[in-house]
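Working notes for the structure below.
Bear in mind that the values in this text are calculations on the coordinates, not laboratory data. The shown structure was predicted, so the numbers you read here are calculated from the model rather than taken from an experiment. Heads up, the Cβs are rebuilt from the backbone with ideal geometry, glycines too, and the neighbour counts pull from every protein chain shown.
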C-alpha cells in the first residue's frame, strides 16, 4: 500500500473539500454511542462488502493497533458473508487481514 489512499488524493486535488470530508467523518464518529473499535469493525465490514482491498487493510491495521484480536476482525468480515457479501469478497478480505496483521507489526 505505497500508493496514495483516496483521502490523500482528495486532499491533493481539493484541500477544502478534504477538510470538509474529514470534519464530516469526525462528526459521524462522535454522533452516537459506538466506541472507536466498534465503529472501525463496522467500517471494515462496509469495506468488505464493497470489495475495497485498501480500505479493508487500512482499517484492519487500525484495529490491530487498537489491540483488537485478529479473530474479532475476521468475525466482522464473516458477518458480512451472512448478510450481503459474496464468497469472493469474504475470502479476499480474510487474506487482506493476514497482510494487515503483518503491516501493523512493522
- Does the stretch 45-59 contain at least one residue that is crowded, with 20+ Cβ neighbours inside 10 Å and outside any helix (DSSP H, G or I)? no
- Return yes or no: is residue 4 part of a loop (DSSP other than H, G, I, E, B) and within 22 Å of residue 106 (Cα to Cα)? yes
- Would you mind telling me which numbered condition in (1) under 19 Å from residue 103 (Cα atoms); (2) part of a helix (DSSP H, G or I) residue 67 fails? (2)
